[in-house]
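Q: Questions regarding the structure given below will be posed in turn.
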């Protein structure tokens, strides 16, 4: 059986992030991707022109439809938009026997808000406590925990602040820092520092969605959290290196880079 992974996230009409990025990542990593659409965005390489969240009952119905019949080996969350959606999804995850990767999406690559300010407390008190792995970037760490990170040495302090909300593991993504792309994975007792060279490529749309989906895919295949995160980091590093221009702004990472890197037969 091919492991099934469920993404609970918003749609990106430009195809670089959101559920589109999630499903491409899952295909590339050999799992069966399924989706619960939480919001529809009008989005392209220049930014987000509009966003419309779905009713809670529509999100809950999609989730139950997939989980009750097909089942899932891992769940990944992305854009949840409102407090009501955050709380409903947290409740659904808490009743699902599968690891959950929570990407606490707050703003888009272009700086557009994707989470209502009123939903932040629900993220802290409802969603993070049910996460197997939470994957905030530094902007999201500041938004959720009020901790601002300006150097690699401060990543540990950020991780401690996020762990206080209850996830089993946190992956603090240091991609916004200068120098190498350094991330810290910890459960509060063991630490794993993941380092990759920084690629001079501005086309990085969808990086966070892709990383979280890659982690969920590897967990669904039976890897431990440290193994899954290391494999996901390797995949995303290659996708960023192969990111390509699309439209007039920031293009996406290349989810199919391994297929294109393979020798032709």
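None of the figures in this text is laboratory data; all of them are computed from the coordinates on show. As the structure is a prediction and not an experimental result, all values here were calculated from the model. Neighbour counts are summed over all protein chains in view; Cβ atoms, including those assigned to glycine, are modelled from backbone coordinates with ideal geometry.
Q: Between segment 158-201 and segment 6-48, what's the alpha-carbon centroid distance in Å?
A: 23
Q: A follow-up question, please. I need two numbers for the chain: Rg to one decimal and Dmax as a whole number, Cα atoms only, in Å.
A: My reading of the Cα-based Rg and Dmax gives 16.8, 53 Å.
Q: So if R0 is 51 Å, what FRET efficiency would residue 118 and residue 227 give, r being the distance between their Cβ atoms, rounded to the nearest 0.05?
A: That gives a FRET efficiency of 0.85.
Q: Sort 198, 73 by Cβ crowding within 10 Å, fewest neighbours at the top.
A: With the sparsest Cβ surroundings first, the list reads 198, 73.
Q: Could I ask something else about it? How many nm is it between the label spots at residue 60 and residue 13, if each spot is 7 Å from the Cα in line with the beta carbon?
A: Calculated label separation equals 2.9 nm.
Q: Where Rh is the Kirkwood radius over the Cα pairs of segment 119-220, the temperature 4 °C and the viscosity 1.567 mPa s, what D in µm²/s does Stokes-Einstein return?
A: D = 93 µm²/s.
Q: Add -39500 (n - 2.57) for each DSSP H run of 4 or more in the chain, then divide by its residues: what number comes out at 222 nm, to the nearest 500 deg cm²/dmol? Numbers along the way, then the final one.
A: Working: 8 runs with 90 residues, N = 265.
Calculated mean residue ellipticity at 222 nm is -10500 deg cm²/dmol.
Q: Would you look at the GNM of the chain, springs on alpha carbons closer than 10 Å, and say which of 131, 228, 42 moves the most?
A: 42
Q: A further question on this structure: Given springs between every Cα pair under 10 Å in a Gaussian network model of the chain, which of 240, 75, 67 has the largest fluctuation?
A: 67
Q: Label points 7 Å out from Cα along the Cβ direction at residue 244 and residue 189: separation in nm?
A: Simple spin-label model gives 4.6 nm for this pair.
Q: Further question on the same structure: For a footprinting-style exposure proxy, rank 144, 19 by other Cβ within 10 Å, fewest first.
A: 144, 19
Q: What spacing in nm lies between the two simple spin-label points modelled at residue 91 and residue 168, each 7 Å away from Cα in the Cβ direction?
A: Each label point is offset 7 Å from its Cα along the Cβ direction, giving 2.4 nm.
Q: I need the peptides 188-197, 94-103, 54-63, 203-212 ranked by packing, meaning the mean over residues of other C-beta atoms within 10 angstrom, with the highest value on top.
A: Ranking, from highest mean packing down: 203-212, 94-103, 54-63, 188-197.
Q: Where the Cα atoms of segment 18-89 are projected onto their three principal axes, how long is each span, largest first, in whole Å?
A: Computed over the Cα atoms, the extents are 34, 30, 14 Å.
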